[in-house]
Amino acid sequence: YRAMLAAPVLIARNLETLAREIDAHAPARSPKIPVAVTEWGPFFQADTKGRFIDHNKTLGSAVFAASALKTFLESPRTELANIHTLNDYAMLGWIGPRNPVFPPKPEWAPTARYHALQLYTQHFGDRLVRSSTEAPTFDSKAVGMVDAVAGVPYVEAVGSLGSGGRTLHVIIINKHFDQPVDARISLRSFTPAREATAWSLTGSGIDAHTGTLPLQIPGATW
């Protein structure tokens with residue numbers, strides 16, 4: 001989980017490297033060449049008998065999704081980023097079945113990642129504004145295909161304006177496994193109202209989930 005929550009730092013570096021390579025190899029056409037991330041999402045294991053096979057659906061994976069979305073939004077050349085996959089009988093769906101019986105009679109339910117995406121689609125504006133954070137950091141070790149990362153902020157934020165510039169949206173991401181964060185928000189060039197509305201995505205632990213299960217196909221072991 002620590003490596004996964006550090007991975008958006010690597011994603012940002014990768015997108016920056018790709019942008020520089022486009023500038024270097026196609027300077028004349030560079031401004032007209034956008035980047036599309038055609039499949040993305042948390043992925044722990046391919047072995048169906050692995051301990052973490054179904055952890056793509058947990059609160060920790062939702063925190064990763066929120067951080068990855070911030071990364072894509074703040075990448076100037078990235079024009080679209082498609083999740084993989086919307087709904088699925090196995091372990092990859094952002095919507096999964098709560099009834100795993102075979103033949104399938106799915107009772108579809110959103111996973112935690114779905115709710116992270118929902119914060120951006122329902123409670124975020126259409127004009128990105130510059131934001132920065134100062135927070136304690138952590139280091140992660142290399143795990144699988146994810147390199148080690150040093151100095152990953154525990155807290156991230158991304159902001160936007162909506163409703164003709166009259167509504168400010170701020171998404172704050174806490175990457176602590178089990179600790180709340182006391183944070184101070186400072187605003188520039190925006191005078192807030194006396195009251196605001198807050199939505200929170202949280203759970204009992206980093207591996208908390210919404211109860212979806214992979215389909216119990218005969219001969220397959222999960």
Placed amide H near residue 78: partners under 5 Å, 5+ positions off or other chain: 35
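Give the residue list of trypsin sites (Lys or Arg not before Pro) in region 117-222 that are DSSP loop and have at most 11 other beta-carbon atoms within 10 angstrom.
Working: sites: 127, 130, 141, 166, 175, 184, 188, 194; in loops: 130, 141, 166, 175, 184, 188, 194.
Within region 117-222, the qualifying trypsin sites (Lys or Arg not before Pro) (loop, at most 11 other Cβ atoms within 10 Å) are 130, 141, 166, 184, 188, 194.
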Vicinal HN-Hα couplings computed from phi for region 146-152 (Karplus, 6.51 cos²θ - 1.76 cosθ + 1.60; Hz; Gly/Pro x): 9, 6, 5, 9, 10, x, 7
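Which of rounded, prolate or oblate describes region 67-121 when judged by the alpha-carbon gyration tensor and an a/c cut-off of 1.5? Don't skip to the end; give the middle numbers.
Values: a/c = 4.20, a/b = 2.66, b/c = 1.58.
Cα axes put region 67-121 in the prolate bin.
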Of 187, 61, 204, farthest towards positive along the dipole that unit charges on Lys, Arg, Asp, Glu beta carbons give the chain: 187
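Given axes a ≥ b ≥ c from the Cα gyration tensor, I'd like to know whether region 95-195 is rounded (a/c under 1.5), prolate (a/b larger than b/c) or oblate.
Numbers: a/c = 2.60, a/b = 1.29, b/c = 2.00.
Judged from the Cα gyration tensor, region 95-195 comes out oblate (a/c at least 1.5, b/c at or above a/b).
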Unit Cα scatterers, Debye sum, the chain: log10 I(q)/I(0) for q = 0.13 Å⁻¹: -0.86
Magnitude of the charge dipole, the chain, Cβ model with Lys/Arg +1 and Asp/Glu -1, debye to 20: 320
Probe 1.4 Å, accessible area per residue of region 39-105, Å²: 48
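Highest mean first, how do 3-10, 58-65, 25-32, 97-104 rank when packing is the count of other Cβ atoms within 10 Å averaged over residues?
58-65, 3-10, 97-104, 25-32
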Whole-Hz ³J(HN,Hα) from phi, Karplus 6.51 cos²θ - 1.76 cosθ + 1.60, for region 119-133, glycine and proline x: 4, 6, 7, 10, 10, 8, x, 10, 9, 5, 10, 6, 9, 8, 9
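How big is the dipole moment of region 77-167 about its Cα centre under a simple scheme where the beta carbon of each Lys and Arg is +1, that of each Asp and Glu is -1, and everything else is neutral? Debye, nearest 20, please.
240
Ignoring ligands, DNA and RNA, what percent of the accessible area of the chain is carbon or sulfur (1.4 Å)? Don't jump to the answer; show the numbers that get you there.
Values: 7220 of 13990 Å².
So the carbon and sulfur contribution to the accessible surface is 52 percent.
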Equivalent ellipsoid semi-axes - Cα gyration tensor, region 13-54, angstrom: 36, 10, 7
The chain: calculated mean residue ellipticity at 222 nm from DSSP helix runs of at least 4, using -39500 (n - 2.57): -7500 deg cm²/dmol
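The values are calculated or read from the model by the stated rules, or taken from the named source; none is laboratory data. Note that the coordinates shown come from a computational prediction; the quantities given were computed from them, not determined experimentally. Ideal geometry is used to build each Cβ from the backbone, glycine not excepted, and the neighbour counts take in all protein chains shown. With ligands, DNA and RNA removed, areas are computed over all heavy atoms of the protein, side chains included. Shrake-Rupley method; radii C 1.70, N 1.55, O 1.52, S 1.80 Å.
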